[in-house]
Amino acid sequence: MSPASSRDPRASQVVRVETLLAAVQDMVSSLRTVSDQLSREICVLTEQSGTEVGATRTDLEVLRTENSHLKEALQGRSIIERAKGMLMAKYGCAEEAAFQMLVSVSREERRKVRDVAADMATMIPTARTGEGAADRPGQRAR
């Protein structure tokens, strides 16, 4: 008989099973390490994504506010330009003089130039209607 055949066949099977179990344990350990690392990476990505989403929301709110302010400014500018044009037509003055009239009334009445201009747009007679409540810029209709 050969030396290999003289061994107990169960002993060699036990050795093979133990070897396979050791390999499986190494694989499980490696998988746990990889799984833990993936979990950490996912947490980092999730936190970053949450921060980015939060930042995006904040940026969006800032942009909305800025857009609203720009719309108001543009609308105010349009009203001021209209009032200046009316003053220039009524008094035959230059653009700068018309603006200074608005500023002067604004200071006297402690009101925004835009508000004075808006009031004037309703008070100065227009070419179409010929109606208006005041001859002096900024005076309110009574």
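Nothing in this text is a laboratory measurement; each read-out follows from the coordinates by a stated rule. Quantities reported herein were computed from a predicted structural model and do not represent experimental measurements. All Cβ positions, glycine included, derive from the backbone under ideal geometry; neighbour counts span all protein chains shown.
Some notes on this structure:
- Residue exposure sequence - 123, 88 - by fewest surrounding Cβ within 10 Å: 88, 123
- Note on region 21-123: Kirkwood radius taken over Cα pairs, Stokes-Einstein applied at 20 °C and 1.002 mPa s, translational D equal to 113 µm² s⁻¹.
- Listed by chain and number, the lysines whose alpha-carbon sits under 17 Å from that of residue 71, ignoring those within fewer than 8 places in the same chain, are 112.
- Computed lengthening from residue 12 to residue 78, 0.36 nm per intervening residue step minus Cα-Cα distance: 14.2 nm
- Extension gain, residue 31 back to residue 46 (0.36 nm per residue minus Cα-Cα distance, nm): 3.2 nm
- Segment residue 64-residue 94, length gained on full extension (0.36 nm per residue, minus Cα span): 7.1 nm
- Dipole in debye (nearest 20) - region 21-123, about Cα centre, beta carbon charges: Lys, Arg +1; Asp, Glu -1: 600
- Selection from 35, 123, 21, by position along the positive dipole direction of region 21-123 (Cβ): 123
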